[in-house]
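A short worksheet on the structure shown next.
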Amino acid sequence: MKSPLLSLPGAVPAEGVDEGVAAHYGDLFREQRALADGTGFVDLSHRGVVAVTGADRLSWLHLLLTQAVSDLPAGEATEALVLSANGHIEHALYLVDDGTTVWAHVEPGTQQALIAYLESMKFFYRVEVADRTADIAVVHLPAGSITEVPEGAVVRETPYGRDLFLPREQLEEFAARSGPAAGLLAHEALRVEQHRPRLGFETDHRTIPHELGWIGTAVHLQKGCYRGQETVARVQNLGKPPRRLVFLHLDGSDVHLPPPGTEIRLADDGPDGRKIGQVTTSVRHHELGPVALAVIKRNVPTDARLLAGDTAAAQETVVEP
């Protein structure tokens, strides 16, 4: 989905999975500061939108997702995952129920595979699943925003701000009265600062929830009956996920950020040492400078000095070893 807001002054298109919206509007740090101050908005209209309706929608989703949603109150936001039979993360959903419909936004382009899985699990349940990406756009308002929510929008309230499920035809009108617009790079910088993982960035085909700190926010440990639960329970009881998410403060003297996939090694071993992990997201933050999220081996000491490629990096613990 190509956003009409790419026509705003200064808009520079994002690339890769985020293609279709703006990476920035000409001033990355100004856009970050605006979001941190609770002003402006982020166009996330490229994200997939899935709607689930029907009398059994919550009890049915409760059986399929890692989160407990059978008694989810209307208007209360939550996160949930879909796992493989081996407990690996396949989908991440950002949910809210408005009283008649469960709305979820997901990573761009993943909604079709998610819907295919949900459709295969309908059986006799009174539910309907629909791809609403074509007519519903996601917009993010930062924490503290006083921007008026348009009539007809569904609000997903979180500690990090509000996600709006907005009729797509209202997007340009909303932008005209809700500026300034901030691009994906500003949104990503704050996500990294907040240590929040993102599907397809911090995950690969073998990632389990414990490695990224999704336990608690997206996984309910007192519920069962979902695919992959055995892995979650085993790791929870043994306490030994193979990898862990860390936050990196990068050497600011380097001109270039280490891109995702950059190999991480122990600084004492030098650049030719054994690989212990890799950078997953790297950004320039308006206050912290160059920072990154990375996934490293669980048993790496928390005070170990690291190298991200040739860039010195100090680690900050996100997931305890």
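Each reported figure results from applying straightforward, stated rules to the coordinates on display, with no laboratory input. As the structure is a prediction and not an experimental result, all values here were calculated from the model. Glycine gets a Cβ as well: all are built from the backbone with ideal geometry, and neighbour counts include every protein chain shown.
A few comments on the model shown:
- Listed by chain and number, the aspartates and glutamates whose C-alpha is less than 17 Å from the C-alpha of Lys240, apart from same-chain residues fewer than 8 away, are Glu211, Glu230, Glu320.
- Each label point was placed 7 Å from the Cα along the Cα-to-Cβ direction; for Leu288 and His249 their separation is 1.1 nm.
- Max mean-square fluctuation residue, GNM over the chain, Cα-Cα springs under 10 Å, options Gln32, Gln236, Gln222: Gln222
- Here is how the number arises for the chain: DSSP H runs of 4 or more residues each give -39500 (n - 2.57), the sum is divided by the residue count, and the result at 222 nm is -5000 deg cm²/dmol.
- Debye equation applied to the C-alpha atoms of region 48-131, log10 I(q)/I(0) at 0.24, 0.25 Å⁻¹: -1.31, -1.44
- When the chain is treated as a GNM with alpha-carbon contacts under 10 Å, the residue of Val255, Val42, Val138 showing the greatest mean-square fluctuation is Val255.
- Exposure proxy order (Cβ contacts within 10 Å, fewest to most) of Arg132, Arg206: Arg206, Arg132
- Radius 12 Å from Cβ of Arg57, net charge of other residues (Lys, Arg +1; Asp, Glu -1): -2
- Note on region 1-43: the C-alpha convex hull projects to 3.1 nm² when averaged across all orientations.
- A quarter of the convex hull surface defined by the alpha-carbon atoms of the chain gives 16.2 nm² as the mean projection.
- FRET efficiency for Ser59 and Glu169, using Cβ-Cβ distance with R0 set to 30 Å, rounded to 0.05: 0.35
- Local electrostatic count, Gly20, Cβ distance below 11 Å [Lys/Arg +1, Asp/Glu -1]: -2
- Sum of side-chain charges, Ile136 neighbourhood, beta-carbon under 14 Å (Lys, Arg +1; Asp, Glu -1): -2
- Highest mean packing first, where packing is the average number of other Cβ atoms within 10 Å per residue, the peptides 86-96, 304-314 line up as 86-96, 304-314.
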